[in-house]
1. Tell me, what are the semi-axes, in whole angstrom and largest first, of the equivalent ellipsoid of the chain as set by the roots of 5 times the Cα gyration tensor eigenvalues?
2. Rounded to the nearest 5, what is the percent of antiparallel bridges among the DSSP beta bridges in region 344-463?
3. Only Lys, Arg, Asp and Glu count, each charged at its Cβ (+1, +1, -1, -1), so figure out the dipole size of the chain about its Cα centre, rounded to 20 debye.
4. In the chain, what % of DSSP beta bridges are antiparallel (nearest 5)?
5. Dipole magnitude of region 258-371 about its Cα centre, charges +1 at Lys/Arg Cβ and -1 at Asp/Glu Cβ only, in debye to the nearest 20?
6. Please give the calculated 222 nm ellipticity per residue for the chain, where each DSSP H segment of at least 4 residues contributes -39500 (n - 2.57) and the sum is spread over every residue; nearest 500 deg cm²/dmol?
7. So how far, in whole Å, is the C-alpha centre of region 248-309 from the one of region 430-483?
8. Work from the charge dipole of the chain (Cβ charges, +1 for Lys and Arg, -1 for Asp and Glu, about the Cα centre) and give the residue of 394, 363, 211 farthest towards its positive end.
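Derivation of every value follows stated rules applied to the coordinates shown; laboratory data play no part. Here the structure is a predicted model, which is why all the values come from computation and not from measurement. Cβ coordinates were reconstructed from backbone atoms using ideal geometry, including for glycine residues, and neighbour counts include every protein chain displayed.
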Amino acid sequence: MRAAFSGSSTGGRAALLNGATSVELRAPNGRSWAQPTGLFINNEFVNGTAQAITSIDPATEQIITTVQAASQSEVNLAVQAAHNAFHKGPWRKMSGSDRGVLINKLANLIEAEKHIFATIDAWDNGKTYHDALDGDLTEAVGVMRYYAGWADKVHGQTISIPNKFAYTLRQPVGVVAQIIPWNYPLAMATWKLGPALASGNTVVLKAAEQTPLSILVLGELFKEAGFPPGVVNFINGHGKEAGPALVQHPLVDKVAFTGSTATATQIMSMAAQTLKSITLETGGKSPLLVFSDCDFEQAVKWSHMGIMSNQGQICTATSRILVQRDVYERFVQRFVEEVEKTSKVGLQWDESTYQGPQVTKQQFDRVLEYIEHGKKEAKVATGGGGKVDVNGSGKGYFVKPTVFVDVPPTAKIWREEIFGPVVAMCPFDDEAEAIRLANDSAYGLGAAVFTQNLERAHRVAEQVESGMVWVNSTQDCDPRVPFGGVKQSGIGRELGEAGLEAYTQIKAVHVNMGNRM
């Protein structure tokens, strides 16, 4: 069956589509596959009745393909399928060990098709192919394998009480609605699917309109792995139509969302109407603190990666860099040199490309607007010229990486999330000022500190208001370590054992062992 991915034949893939169409796609890197275009509901692809969604190559502005979109009717169909699978199907009765076998089999299937998944996410997202392959796919496979191992280790506890036997059951929540972002399409899906499935839940997952393709191919692999119908359902849809229909559905027990803080507040409000459990991973304006005693060259390289990788489209991007004043000018100079040497803007298929196009024209325009506004607030150390013409055609959403220096803490580019290759820098005099500036933000997702003073590292890590702190690195992520923020950066945690807690609920059982009335 998987031969349809690498060659020109669509063979068994087309047979899975059950009335909905598929299209044969060939990417600029030469890889071909049969791309499903329907909605994956109850282990079949079905047609949607909402306005179709068009996937665009952000490097060329050319149409890749068009996929079906869910209206309220198809959202209801998907939720009902998940509800039936949870309450009536074999999934609920399946042992944790058997669930783990299925999840691990899925991980193996993803790994076997990693080149196709990397191609898809590079094509409709704009991220470089080598980053998608070496980063996103490695992470996606690792997350699923990690949670496969947890599937038979989710259990309650016994509590010793005189004349009573008390114990707890850790049970699945039920039907989970998951909404993922466009910056890491496949990886973000696995972050949510892994713990939800390991805990025994069923899922309806909505992909981002900007990147609708890889999730449909993943649906085929769920069926191939042997997951029962209805356990996992994937829909594409427009946020204003499919999103509210999913979040507010009376049969949905929990909502997990990754995306903007503005959208999260709307989701939180809608979920509150029926007191649904929620997990939110939202925006960030993460600070990176450089102390004068740091390993200077390492601080430069890590801080460059922390904001300029993935086109700056990272929720945890360390987009505010605070540097101790006695090394500030030197750091700015070296950082600019690193940007100009490393941040090669180009097509996502070119091995030498560091920065591909922004994901959409809307995001491209948003980043350019911030750059223009930033010119009124601070000094431009490099960049600031706006669009980059990569191939002479004038096409593509390519932005010149931009560094602003001497940025006041009241500036818009200092306080608001840009989600692009734009960094704001300012100096500080001492540790107390660095912490004050770092914490002066509505966000609290991540933070980084560069110092060789071990006591300072621990002290700053404790005082910075964020869900995660990196010491002498940035953007570190591991399936075994919790991920999440504080303040307006979210509610709850993903990954690690903590990620399971979001998808389970505790039931207490009291057994009378001799008390008489």
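1. Working: eigenvalues 296, 195, 73 Å².
Ellipsoid half-lengths, sorted descending, are 38, 31, 19 Å.
2. 50 percent
3. With only Lys, Arg, Asp and Glu charged at Cβ, the dipole is about 1640 debye.
4. If I count the DSSP bridges inside the chain, around 50 percent turn out antiparallel.
5. Dipole about the Cα centre, nearest 20: 420 debye.
6. Computed mean residue ellipticity for the chain: -11000 deg cm²/dmol.
7. Cα centres, region 248-309 to region 430-483: 15 Å.
8. Positive-end residue among those listed: 211.
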